[in-house]
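The values are calculated or read from the model by the stated rules, or taken from the named source; none is laboratory data. Note that this is a predicted model, so its numbers are computed, not measured. Virtual Cβ from ideal backbone geometry, glycine too; neighbours counted across all protein chains shown.
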Amino acid sequence: MAEESETVTSAAAGAGGRLSGLSPGLSMFVTQLVAILMAFIVGAVVLQVTGYSPLKAYGAMLTGAFGNTYRIGQTLTHATPIIFTALAFLFAFKGGLFNIGAEGQFLVGALGAALVGISFDGLPAVVHVPLALLVGAIAGGLWGLIPAFLKTRFGAHEVITTMMLSYVALYLTGYMVNYPFKAPGWVAQTVLIAPSAELPRILPPTQLSASIFVAGLLTLGTQYLLRKTAFGFEIRATGLNPNAARNAGIDVDRKLILALVVSGAIAGLGGSGEILGVHRRFIDGFSPGYGWDGLAVALVGGNTPYGALLAAVLFGALRSGGMVMTRATGVPLDIVFLLRALVILFVAAPTLIRSLLRRGGLRW
Amino acid sequence: MTPAVELRGITKAFPGVVANDHIDFSAEKAEIHGLLGENGAGKTVLMSILYGLYRPDEGKILVKGEEVEMDSPAKAMRLGIGMVHQHFMLVPSLTVAENIILGREPVKRGALLDEEQMLNDVRKFCDLYSLKVDLEAPVYTLSVGVQQRVEILKALYRGADILILDEPTAVLTPQEVEELFKAVRALKDEGKTVIFISHKLKEVLAICDRITVLKRGRVVGTVDVDETDMGQLAEMMVGREVVYTFERKPCEAETTVLSVKGLKATDDRGLPALRGVDLQVCASEIVGLAGVEGNGQTELVEVLVGLRRVNRGRILLGETDITTDPPGKRIEAGISHIPEDRHKWGLVKEFTVLENLILGSHRDPKFTGRGGSIDFQEATEYSKKLVRDYSIQTPSVDTPAGHLSGGTQQRLIVAREFSRQPKLIIASQPTRGLDIGATEYVRGKLLEMRDRGSAVLLVSADLDEIWALSDRIAVIYEGRIVAIKDPNETSEQELGLLMTGGNLG
């Protein structure tokens, strides 16, 4: 009789095995940490071979990312949007869905928030800001509803539809700010949002905004929702074994739809935060691919909310620290992309990490 | 005459079960030899040994009179043995011809695929055995029956003289069965040996020359088809040793809990699986559903618990019509389900014992308040109690269910389902794959629930189990209940016949 094959997603779900004596959470944390360490070691070799000093480069990167309050602020600014997109990815993933279209939901949400921001004047901030965030979340959620509908109704695979819809979103929002909502001038962008819609900057002169509080709350909320509520229980059951979920009376199709809608709403909220807190207007092409980063960050974070938060900070640090490193040491910025790729590679290979740890004397 | 293939004293044990116990078997050249037995009788294991998939613990294999070490299917193929499994092993995106030559591609000039040669080769086989197939069609476009033909062609292309067909008709429509039989007879005329594994009496009688009957891993006997009949075969096949007997209280309450009227439904391929099922189950009663697998049992269970759509007919729970209710509503209404495939339908193996124990009742006000949060303290207490009451062997309630043994997982499902005080229990193959201890436990629990007033529909491929537990036995054949019998007033021979479409007249 054929053994049931291990799920292909075990890499994405974090370490396949466990360190004996450690709780599952801690065990995964150690595995991911070792994976990251490995990436930096390989990165160091590359630096050495190409004639740079790894110590100097990493030193510059570290001070660049965390050296002073300003640098920390920059790091967190970069981390904020990918906390959202990572949470978006992992929420859908818990429901058994690969929502790789967080970029699209992020952009549509951002546009929604921007439109609310520029459309009202004289609203009090306590109304205007939440309204803009809400509309952004709804817009992102609706963008998630489309693939959910296509999947449950026609069986269209969400990997294809969410990705395609990302491009639709990219060009749709591009069209909007190039034509109907274009601000005067030759930059494709909207006018500035009303001051009453602005999320306050919390660490000037950095661009770090109150959006990070939203991200933090959302991390806690996602964790709570998934682990403590009946809704989260049903989402997880659906993701792990839809047959058993159905047999247990769970309306699986409904859960799939909700998982994608909530996922899209989270991404949309992230996009809104960027507009209201950082850019204060929708600029065409303002996202350097935060949505795609979210997928990688969720993976590196072991698909847990807290893990995603930490991994987002790591990615933020690579981005902000990398720029300083380039300026200070002349190491090309490409090394940052290399490091990111290596981190993902090692995280996706938990078996490799496990065997390395075993050789290091730890028992699994 | 030297037999084409001979097995002597084959023994194969798996943990907890002896699948083959000193089996002697031989098949001649130009013979269709039936291998008959219930599920779990050891037919497939025996043939897997012949095909080199398993190594026997003891015994010898002789091919054309010579003893061989059958250590791999590749070796078996070299010796002219081919096997068509119940689950086909074709590459869906390749064409028929490509599938057939896969692994033995004719090449020209060293590396290029000689398509001309390939098509000619395969076409020869098709004509010879009247196996009609469109060679250039991709396999995924073919019906199951045609895919099976491709599997047979594949084995023949590799030079098989001895062809093992494992339950070949299980997946076929009656018309396709006819086609298959025609091909099998053509193979015989060409001097091939066909070993035909089946548990359908009618079929083996229709196609085979000789029949070897297996039961519980042993050979009951080998008979010539001309010298036997359905009655004899049925008795050989299901002849019963009572292993478990339980005290059975007579049916007290006469209230009907489940009432099914004229139920029709289709299987996954859209073919009719239930062709008008009528059935009643009373409170404090176990109705055993006896039947050869694949006669609509699975579909009936799925329809009753709400996992499959009803095309026609009605399902009543007490007085309430639940025909169109989703599974969740049926659980609330008091239906419990022990699914046939516990990994697929019964458990979330990554979930902890606790999570699995509350699965399905997690929305119960006991666990989930107005705010939608699960009271995990309450759930912990509850699951700890169930673990104690049902002796679930687990380190803690936080252990993932996938880490538990099969028997323990089944206890977990039983605990979850029975602790809901169900009105109706649908138990499908509840002891399949369990060891003796766990089997006895589950059976005891079913009787206990019956005595406490639940109505139980027991679906089992194990006739002994049906016999030991049922107050009434309903026999299902080709999607209809063909008889309802009192276990005290029927014989295994009669049931065996009814299950296989025969009649004592």
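Values computed for the structure shown
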| read-out | value |
| --- | --- |
| Test result for residue A:30, out of contact with any Asp or Glu (no Cβ under 8 Å at 6 or more places or on another chain) and in contact (Cβ under 8 Å) with a residue 40 or more places away in the chain | yes |
| Residue B:397, sole failed condition from (1) among the hydrophobic types (A, V, I, L, M, F, W, C); (2) surrounded by fewer than 22 Cβ atoms within 10 Å (Cβ to Cβ); (3) facing chain A (nearest Cβ under 8 Å) | (3) |
| Entirely in region B:19-106, the strands (runs of 3 or more DSSP E) that have 2 or more residues that are under 23 Å from residue B:169 (Cα atoms) | B:32-36, B:81-84 |
| Enumerated strands (runs of 3 or more DSSP E) restricted to region B:415-505, each holding at least 2 residues that are within 18 Å of residue B:341 (Cβ to Cβ) | B:424-428, B:455-459 |
| So residue B:351, is it surrounded by fewer than 17 Cβ atoms within 10 Å (Cβ to Cβ) and either at the interface with another protein chain (Cβ under 8 Å from one of its Cβ atoms) or among the aliphatic types (A, V, I, L, M) (or both) | no |
| Pair list, Cβ < 7 Å and 6+ apart or interchain, from region A:248-259 residues that are away from chain B (no Cβ under 11 Å) to residues that are assigned to a loop (DSSP other than H, G, I, E, B) | A:255/A:95; A:256/A:95; A:256/A:97; A:259/A:95; A:259/A:97 |
| Filter pass, residue A:264 being within 16 Å of residue A:85 (Cβ to Cβ), at pLDDT 95 or above and touching a strand residue (DSSP E or B) at 6+ places or on another chain (Cβ under 9 Å) | no |
| Single residue of region A:220-239 satisfying the filter (crowded, with 21+ Cβ neighbours inside 10 Å and either more than 19 Å from residue A:152 (Cα to Cα) or not β-branched (Val, Ile, Thr) (or both)) that is farthest from the other protein chains (Cβ to nearest Cβ) | A:222 |
| One residue from B:412, B:447 being of a type in the set (A, V, I, L, M) and not assigned by TED's automatic domain parsing to the domain that holds residue B:467 | B:412 |
| Residue B:313 surrounded by fewer than 21 Cβ atoms within 10 Å (Cβ to Cβ), under 29 Å from the mean Cα position of the chain (by Cα) and either within 8 Å of another protein chain (Cβ to nearest Cβ) or over 23 Å from residue B:391 (Cβ atoms) (or both) | yes |
| Residue list for region B:1-18, restricted to those being assigned to a strand (DSSP E or B) and either crowded, with 17+ Cβ neighbours inside 10 Å or in contact with a Cys (Cβ under 9 Å, 6 or more places away or on another chain) (or both) | B:5, B:6, B:7, B:10, B:12 |
| Test result for residue B:427, touching a residue at least 40 places away in the same chain (Cβ under 8 Å) and more than 24 Å from the chain's Cα centre (by Cα) | no |
| Candidate set: region B:371-394, residues that are surrounded by fewer than 20 Cβ atoms within 10 Å (Cβ to Cβ), within 11 Å of chain A (Cβ to nearest Cβ) and not hydroxyl-bearing (Ser, Thr, Tyr); chosen: the one nearest to residue B:352 (Cα to Cα) | B:376 |
| From the options B:362, B:337, B:343, residue that is modelled with pLDDT under 95, outside any loop (DSSP other than H, G, I, E, B) and either within 11 Å of chain A (Cβ to nearest Cβ) or out of contact with any Asp or Glu (no Cβ under 8 Å at 6 or more places or on another chain) (or both) | B:343 |
| Residue within region A:229-240 that is closer than 23 Å to residue A:78 by Cα and either among the hydrophobic types (A, V, I, L, M, F, W, C) or assigned to a loop (DSSP other than H, G, I, E, B) (or both) present | no |
